[in-house]
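Let me begin by presenting the structure, written as structure tokens, before commenting on it.
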Amino acid sequence: MAMFSEENEKIEFVTPIDPVNKNVEDWMTEVEKMMKCSVRHSLHTAVIDYPNQKRVDWAGFHPGMCILNGS
């Protein structure tokens, strides 16, 4: 459904993964692919949103962007 960073930032999966009736290696591969897809989507959303907010607000709102702000 989602993943969390060590800083407790949350990125929702673009599409939930359902492990029911799947081999563990298959659904874990799906999770890995979805993690990459979801981070890509989150970054794309952040880039599109950048011109609409002050940098400090933008960095605090989007997961992973606090690094760019020096926080």
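Throughout, read-outs are computed from the coordinates displayed, never taken from laboratory work. Owing to the predicted nature of the structure, the values given are computational and were not obtained by experimental measurement. Every residue, glycine as well, gets a Cβ built from its backbone with ideal geometry; the counts of neighbours run over all protein chains shown.
Placing unit charges on the Cβ atoms of the charged side chains and taking the dipole of the chain about its Cα centre, the candidate lying farthest along the positive direction among Tyr50, Val24, Met1 is Tyr50.
Computed per residue of the chain from DSSP H runs no shorter than four, each worth -39500 (n - 2.57), the mean residue ellipticity at 222 nm is -15500 deg cm²/dmol. Counting only Cα atoms, the chain measures 46, 23, 13 Å along its principal axes, largest extent leading.
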